[in-house]
1. Which one of Ala112, Ala41, Ala81 has the biggest mean-square fluctuation once the chain is modelled by GNM with Cα springs under 10 Å?
2. Mind checking which of Thr95, Thr26, Thr72 has the largest fluctuation in a GNM of the chain, springs on alpha carbons under 10 Å?
3. In whole Å, largest first, what are the principal axis extents of the Cα atoms in region 111-199?
4. Between region 164-188 and region 2-20, what is the separation of their alpha carbon centroids in Å?
5. Could you rank the peptides 27-34, 145-152, 54-61 by their average count of other C-beta atoms within 10 Å per residue, with the highest value first?
6. Given R₀ = 22 Å, what would the calculated FRET efficiency be for Ser119 paired with Asp47, taking r from the Cβ atoms and rounding to 0.05?
7. Ranked from highest to lowest mean number of other Cβ atoms within 10 Å per residue, what is the order of the peptides 86-92, 6-12?
8. Report in % the part of the accessible area of region 57-120 that belongs to carbon and sulfur, leaving out ligands and nucleic acids; probe 1.4 Å.
Amino acid sequence: MGTVPEAYYQFIMDYAPNVYVIPPSTPDPAFGKGVLAASFAIDFLCDAYSAPQFEDRKTEIYNKVIELADWTLTQRCLDSARKAYGGFQSSETSTYYYSVDACRVIPSLLRAYELTNDSRYLDAAKLAGGTFLKIMQDQQAYGGFARAVTIGDAWLLQLDVECLYGLIGLKMLTEKHDIPNDSVYQSIMSKAIGFLRFG
């Protein structure tokens, strides 16, 4: 990690997980907070935690990672009777649980777990990967992931190439964080790659 502009670091610390900020300093209420913004901020902060540039700010970085990861957990669907089970609300006001959001969240929660050793983050990543993404993949016959499902089990069945991002977290799960369930993740990845390569 090279030198990071101080303004960027401060922006993350001040505004994550807000999706947008209206200059000079007002979070956009139309979009609010989102797991997408939380995930990218966690990734950045986990790198910053180990960077010499931020050596004197490890505590505040560590605390912000916990804040963001804990907030992300509040966006999960924990109702096992719902198709969204294990997925993450796109934003605080959304009723949609997008595949791509789970794809982005899984590696970030695993990095938060590696930093903090908080098993809640690991458990949430495993549920999102082995359950939610499997549900999304099983909903259609092509091997990719259905775009989204609502909390009321209504589907958006389009397939998005951006779900390629999901291979990062699934690979982390199968190689390091949930080896006993390797076959589940390998099957999901194999089907996804088949669709994405063709696409």
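1. Judging by the Gaussian network model, the answer is Ala81.
2. Checking each option, the largest mean-square fluctuation is seen for Thr26.
3. Answer, in whole Å and largest first: 36, 31, 21 Å.
4. 30
5. Most protected by this proxy first, the peptides run 145-152, 27-34, 54-61.
6. Calculated transfer efficiency: 0.45.
7. The most tightly packed comes first, giving 86-92, 6-12.
8. Summing carbon and sulfur atoms, their accessible area is 41 percent of the total for region 57-120.
The values are calculated or read from the model by the stated rules, or taken from the named source; none is laboratory data. This structure is a prediction, so every number in the text was calculated from the model and none was measured. Reconstructed Cβ throughout: ideal geometry from the backbone, glycine too, with neighbour counts over all protein chains shown. Side chains included, ligands, DNA and RNA excluded: accessible areas come from the protein's heavy atoms. Shrake-Rupley method; radii C 1.70, N 1.55, O 1.52, S 1.80 Å.
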